[in-house]
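What follows is calculated from the coordinates using simple rules that are stated; it is not laboratory data. Predicted, not measured: the structure shown is a model, and the values here were computed from it. Here Cβ is always computed from backbone atoms with ideal geometry, including for glycine, and neighbour counts include all displayed protein chains.
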Amino acid sequence: MKKIGILFGQEDTFPWAFIDRVNQKIKEQGIKNMMAEAVSIDAVEQGKSDEYVVIIDRISQDVPFYRAYLKNAAITGTAVINNPFWWSADEKFFNNALAEKVGVPVPKTFILPTSQHPENTDGNSFRNLKYPFDWDRMFDTVGFPAYMKPHDGGGWKSVYRVENAEDLWTKHGETENLVMMLQEEIQFEEYFRCYVLGTDNVHIMQYEPRNPHHLRYVIDGPEVDKKILDLVEKYCIKLNKALGYDFNTVEFAVRDGVPYAIDFCNPAPDADIHSVGKDNFEWIVENAANLAIAKAKTYKKGKMNLTWGTFVSDQFKAPVAKKPAAKKPTTRKPAAKKTTKAKK
Ligand SMILES: Nc1ncnc2c1ncn2[C@@H]1O[C@H](COP(=O)(O)OP(=O)(O)O)[C@@H](O)[C@H]1O
Ligand SMILES: [Mg+2]
């Protein structure tokens, strides 16, 4: 039996709708030996975990035990969505650098040392930092107002808009052990939030982050220039191919017709019907179900079934084989004797 599982926490609409939709499709399409259920975990032993061919992970960012369980499942072949190794490795600052590399516009961004010494460190642990730090260079590049936000995290937690240097230092002082990014503000004409599944299936949603939470997903918004929508879709695919996320949201702020990627490290993005609305919910349930079934169908027993982005996979391409050198003859032919005829 090929089992598709979903691992989740407090959310209560998407997981059940996902399970129902997958099982309904399996029935309608007459697929044999496949089913979906909520993941059920008992004793977890190293290298042994072959119950699920696919697991959608919605919660391991908050439960480290689950992250370890998922890595163990992955090595036995489970296609974990999203790749738990990559999710443990990347963060927003690195992802911005990767965006620059693949040609997706992002706001100018610096990373700041934490305002407090992390546990078990003291001044000596920071002897490699220049003092004073070159704040002026950062301020000149980024300008004010600016955004200051954690390099790792989500859900608008500890996101600050700062007016000037004093304001920045005061707020930075509140962030304790968080590693913060200082980022150029994009004063936007339009804002989009996009679901991206399987790295290239994009659903663009108009979004107004300045509205109260329940009114952020815009319904019947103004017409948007097709050129911008095409760019947004293209950038979504570029980013997710490079990162290797199968299930992500990407946010863009559009300034002067250029979409800047603001937030694209959301491997367990909000999918609650009460915030995303009925139509977006329907899209994510339907398309996530199709993705999970497709992954279960292509699952290969005894192999790793994870998605890796081009950032990783391009570095491990087999080197181009050198042509073998032409075989040297074992016996040497004597050079043909030149017969120089005496000139007459
Ligand atoms: N550089 C920026 N320019 C303009 N607005 C921003 C910028 N960074 C963040 N914001 C605003 O703050 C919100 C939260 O920041 P975001 O980067 O999405 O963090 P989170 O991962 O916590 O959602 C965004 O939806 C956007 O409205
Ligand atoms: Mg966000």
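Regarding segment 74-231, what is the average projected area of its C-alpha convex hull, in nm²?
13.3 nm²
Could you pull out every residue, at least 5 positions away or on a different chain, whose amide H is within less than 5 Å of the one on Y260? Hs are placed 1.01 Å off N in the peptide plane, and Pro or chain starts have none.
Counting only residues 5 or more places away or on other chains, the set is A253, V254, R255.
If you rank H213, H203 by fewest surrounding Cβ atoms within 10 Å, what's the result? Intermediate values should be presented prior to the final figure.
Numbers: H213 11, H203 17.
With the fewest neighbours first, H213, H203 line up as H213, H203.
Order of 243-250, 19-26 by packing, highest average Cβ count within 10 Å first?
Per-residue Cβ counts within 10 Å, averaged per peptide and sorted highest first, yield 243-250, 19-26.
Quick one: which residues, 5 or more positions from I111 or on another chain, have an amide H under 5 Å from its amide H? H modelled 1.01 Å from N in the peptide plane, none for Pro or chain starts.
Residues meeting the criterion, in which the H sits 1.01 Å from N, are L182.
Counting helices only, and only those DSSP H runs with n ≥ 4, report the 222 nm mean residue ellipticity of the chain as the sum of -39,500 (n - 2.57) divided by its residues, in deg cm²/dmol to the nearest 500.
That comes out to -9500 deg cm²/dmol.
Looking only at the chain, where both bridge partners belong to it, what percent of the DSSP beta bridges are antiparallel (to the nearest 5)?
Expressed as a percentage, antiparallel bridges in the chain total about 75.
So what are the ³J(HN,Hα) numbers for segment 33-44, from phi and the Karplus equation (6.51, -1.76, 1.60; θ = phi - 60°), rounded to whole Hz, Gly and Pro as x?
6, 9, 7, 10, 7, 5, 4, 10, 10, 10, 4, 10
Which aspartates and glutamates does K300 reach when only Cα atoms under 16 Å apart count, and residues fewer than 8 places away in its own chain are ignored?
In chain and number order, the partners are D50, E51.
For segment 63-137 and segment 183-227, compute the distance between their C-alpha centroids and round to whole Å.
So the two Cα centres are separated by 25 Å.
In whole Å, largest first, what are the principal axis extents of the Cα atoms in the chain?
Each principal axis gives a Cα extent; for the chain these are 106, 64, 52 Å.
Tell me the chymotrypsin sites (Phe, Trp or Tyr not before Pro) within segment 185-237 that lie in a loop according to DSSP and have at most 10 other beta-carbon atoms within 10 Å. Could you put the intermediate results ahead of the total?
Numbers: sites: F188, Y191, F192, Y195, Y207, Y217, Y235; in loops: F188.
Loop-located and lightly packed - none at all.
Could you list which residues have their amide H under 5 Å from that of E185, counting only those 5 or more apart in sequence or on another chain, with H placed in the peptide plane?
Y147
What's the whole-number percent of alpha carbon pairs in segment 108-184 lying beyond 19 angstrom?
34 percent
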